[in-house]
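> My questions will all concern the structure given below.
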Amino acid sequence: MSLKVIIVGGGIGGTAAALALTRAGCDVRIFEQAQIKSEVGAGIQISPNATRLLQRYGLGEALKPLAVRPQAIEARRWDNGAILMREELGAAVETAYGAPYYHFHRGDLLSVLSDALPRGVLQTAQCCVSVTETDDGVRAQFEDGSFVDGDLLVGADGIHSTVRRVLFGDERPRFSANVAYRGLAPAERLNHLGLPHNATIWMGPGGHFVHYFVSGGRYVNFVAVHEQANWERESWTDRGTVDDARRRYAGWHPQIHAILGAVDETFKWALFDRAPLEKWSAGRITLLGDACHPMLPYMAQGAAQAIEDGATLAACLAGVSRSDVAAALQRYEILRKPRTASIQGAARGNAITFHLPDGPEQRERDTAMGASTGLSPSRAALFGFDAEALDRPPSGAS
């Protein structure tokens with residue numbers, strides 16, 4: 001008999017996990033609190049360690065027209081645009097790792113994932129308020145008084161996870177002292193810049209600015225991060241203003257101001273993460289994605305790691321009997337925790353590296369980056385990782 005899996009949360013991690021678990025023979029239901037699941041207009045980078053999984057799920061052709069395949073990652077100096085580093089992506093990455101590096105609009109990716117689910121798997125307007133283990137399984141209780149029973153439950157409900165709070169207590173996420181402006185500019189407004197199809201990061205004192213194409217090249221997505229001592233809210237959907245963003249980046253390269261000038265609206269996003277959790281699982285209940293390892297975006301791995309989580313979880317549960325569910329969840333946790341903790345730490349380190357003030361440390365960073373050309377060999381542990389291969393020792397990102 002198929003395992004009945006309850007997934008709380010219908011974002012990218014939850015829907016990708018549902019596809020993986022369905023392939024593994026599980027009977028899956030996703031419960032999403034939003035009436036209609038959507039993503040705030042923002043870009044997302046998905047590297048080969050995740051795109052190879054999406055291709056295995058049969059999504060390759062559906063993703064192609066919505067994706068942009070960047071040719072390189074370029075780091076530039078904040079004021080004069082001098083190239084500090086160029087790392088090849090495009091065909092070089094696909095040849096080396098057997099899968100592409102893609103840029104997406106988050107909503108485009110989520111739509112493809114959701115559309116691929118079997119009919120009836122995703123149920124919206126279901127706000128989970130409690131989860132419990134029963135004598136022979138698990139139960140999720142919802143705000144409207146209804147409940148659903150299953151053999152195991154996966155909390156894929158984000159950084160403010162109800163499932164994590166029920167299992168391990170209500171510990172607030174930590175503010176990184178970084179705030180981002182996010183926005184989308186119609187690409188035709190920026191034709192005069194001749195922007196290449198790269199991921200470009202401008203590094204400067206106390207901040208950085210990232211931009212790349214999404215939605216098949218129809219929009220340019222930007223993320224403008226600056227340091228800020230305090231933030232009282234945890235939402236990335238607070239509205240900002242273009243004028244405020246321009247002031248924050250006064251003196252930065254004219255190309256940055258051209259992109260900001262092409263945007264109709266911006267959102268302010270306070271960046272939070274958590275220290276790695278000691279445990280992800282309790283009995284027949286476990287966590288996935290931002291619910292257990294929220295990351296700062298400076299490794300571009302948050303969604304990719306959630307997709308990996310789902311693949312490893314499904315591999316651990318394939319062919320497992322109900323009596324062995326708890327052991328399978330422990331195996332999943334053991335396999336995933338070292339890697340996600342390593343990437344969390346690397347992302348925090350990049351927050352410092354990207355924002356160095358001009359001076360000796362900045363010059364040392366620039367010299368080191370300038371020595372890197374072509375396809376970076378350091379990416380092998382990140383991009384070459386196969387989350388469905390369980391015959392490996394637990395390891396980090398590198």
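Bear in mind these aren't lab numbers, they're just calculated from the coordinates by the rules spelled out. Please read these numbers as outputs of a predicted model, since none were measured by experiment. When we count neighbours, we look across all protein chains shown, and the Cβ atoms used for this are built from the backbone with ideal geometry, even at glycine.
> Running Debye on region 63-218 with equal point scatterers at the Cα sites and no solvent, what base-10 log of I(q)/I(0) appears at q = 0.15, 0.20 Å⁻¹?
-1.02, -1.26
> With labels modelled as points extended 7 Å from the Cα through the Cβ direction, what inter-label distance (nm, one decimal) is found for Glu133 paired with Ser378?
4.2 nm
> Rg to Rh ratio, region 82-166, alpha-carbon atoms and Kirkwood radius?
Details: Rg = 19.9 Å, Rh = 16.9 Å.
My calculation of the ratio gives 1.18.
> Still on this model: How big is the charge dipole of the chain about its Cα centre, in debye rounded to the nearest 20, if each Lys and Arg gets +1 on its Cβ and each Asp and Glu gets -1 on its Cβ?
Details: 40 positive and 44 negative charges, 93 e Å.
In debye, rounded to 20, the chain gives about 440.
> So what's the projected area for the chain, the Cα convex hull averaged over all directions, in nm²? Don't jump to the answer; show the numbers that get you there.
Numbers: hull surface 75.5 nm².
One quarter of the hull surface, i.e. the mean projection, equals 18.9 nm².
> Give the separation of the Cα centroids, region 305-319 to region 350-380, in Å.
Going from one Cα centre to the other spans 34 Å.
> Suppose we keep just the DSSP beta bridges with both residues in the chain; what percent of those would be antiparallel, to 5?
Values: 51 of 70 bridges.
Taking every DSSP beta bridge with both residues in the chain, the antiparallel ones total about 75 percent.
> Given 0.36 nm per residue, what is the gain on full extension from Arg165 to Asp238 after removing their alpha carbon distance, in nm? Don't skip to the end; give the middle numbers.
On the way: separation 73, 0.36 × 73 = 26.28 nm, distance 2.43 nm.
Value of the extension gain: 23.8 nm.
> I would also like to ask the following. Please state the shape class of region 1-127: rounded when a/c is under 1.5, otherwise prolate if a/b exceeds b/c and oblate if not, all from the C-alpha gyration tensor. Let's see the in-between values first.
Working: a/c = 3.04, a/b = 1.83, b/c = 1.66.
Note, shape of region 1-127 comes out prolate.
> What translational D, rounded to a whole number of µm²/s, comes out for region 172-319 from Stokes-Einstein when the hydrodynamic radius is the Kirkwood one over Cα pairs, at 4 °C and 1.567 mPa s?
Details: Rh = 17.2 Å.
Estimated via Stokes-Einstein, D reaches 75 µm²/s.
> While we're looking at this one, here's another question. Charges only on Cβ, +1 for Lys and Arg, -1 for Asp and Glu: so what's the dipole of region 197-303 about the Cα centre, in debye to the nearest 20? Can you show the working numbers first?
Details: 10 positive and 11 negative charges, 34 e Å.
With Lys and Arg at +1 and Asp and Glu at -1, about 160 debye.
> Follow-up. Evaluate the Kirkwood expression for the hydrodynamic radius of region 144-228, namely the inverse of the mean inverse distance over all pairs of different C-alpha atoms, and round to one decimal in Å.
On the way: mean 1/r = 0.0595 Å⁻¹.
Computed over Cα pairs of region 144-228, the Kirkwood hydrodynamic radius comes out at 16.8 Å.
> Considering only the other residues whose Cβ falls under 14 Å of the Cβ of Gly217, what net charge follows from Lys and Arg at +1 and Asp and Glu at -1? Before the final figure, lay out each step's value.
Details: positive: Lys64, Arg69, Arg189, Arg218; negative: Asp108, Glu188.
Net charge around Gly217: +2.
> Still on this model: Starting from the Kirkwood Rh over alpha-carbon pairs, what translational D in µm² s⁻¹ does region 279-398 have by Stokes-Einstein at 10 °C and 1.306 mPa s?
Numbers: Rh = 16.0 Å.
Answer, rounded: 99 µm²/s.
> Dividing the Cα convex hull volume of region 263-325 by residue count, how many Å³ per residue is that? Could you put the intermediate results ahead of the total?
Details: hull volume 8.0 nm³, N = 63.
Normalising the Cα hull of region 263-325 by residue number yields 126 Å³.
> What list of whole percents do you get for P(r) of region 330-385, with Cα-Cα distances grouped in 5 Å bins up to the one holding the largest distance?
4, 14, 16, 20, 19, 11, 7, 5, 2, 0
> Based on the mean of other Cβ atoms within 10 Å per residue, sort peptides 16-29, 82-95, 135-148, 304-317 so the most packed one is first.
Details: 16-29: 22.6, 82-95: 16.9, 135-148: 14.1, 304-317: 27.0.
The most tightly packed comes first, giving 304-317, 16-29, 82-95, 135-148.
> Below 14 angstrom from the Cβ of Glu74, what's the summed charge of the other residues (Lys, Arg +1; Asp, Glu -1)?
Result for the neighbourhood of Glu74: 0.
> Take region 193-270, drop everything but the C-alpha atoms, weight them equally and run the Debye formula without solvent; then report log10 I(q)/I(0) at 0.14, 0.19 Å⁻¹ to two decimals.
Calculated log10 I(q)/I(0) at the listed q: -0.47, -0.88.
> Tell me what the chain gives for mean residue ellipticity at 222 nm when only DSSP H runs of n ≥ 4 count, each as -39,500 (n - 2.57), the sum divided by the residue total, rounded to 500 deg cm²/dmol. Spell out each step's value before the answer.
Numbers: 12 runs with 126 residues, N = 398.
Value at 222 nm, helices only, nearest 500: -9500 deg cm²/dmol.
> Something else now. Show me, for region 178-189, the HN-Hα J-couplings you get by feeding each phi into the Karplus relation (A = 6.51, B = -1.76, C = 1.60, θ = phi - 60°), rounded to Hz, glycine and proline as x.
Ordered by residue, 3J(HN,Hα) equals 10, 10, 10, 9, 10, x, 10, 10, x, 4, 5, 6 Hz.
> Among Thr266, His293, Gln255, flag the residue with its Cα farthest along the positive direction of the charge dipole of region 238-296, charges on Cβ as +1 for Lys/Arg and -1 for Asp/Glu.
His293
> Excluding residues fewer than 8 places away in the same chain, name every one of the aspartates and glutamates whose C-alpha is closer than 13 Å to that of Lys4.
Asp27, Asp136, Asp149, Asp151
> Excluding Val166 itself, calculate the net charge of residues whose Cβ lies under 11 Å from the Cβ of Val166, where each Lys or Arg counts +1 and each Asp or Glu counts -1.
On the way: positive: Arg164, Arg165; negative: Glu133, Asp157, Asp170.
Once all neighbours under 11 Å are counted, the net charge is -1.
> Angle between the Cα long axis of helix 12-23 and the longest principal axis of the chain, 0 to 90 degrees, nearest 10?
Orientation of helix 12-23: about 50 degrees from the principal axis.
> Angle, helix 360-370 long axis vs. longest principal axis of the chain, Cα atoms, 0 to 90°, nearest 10?
80 degrees
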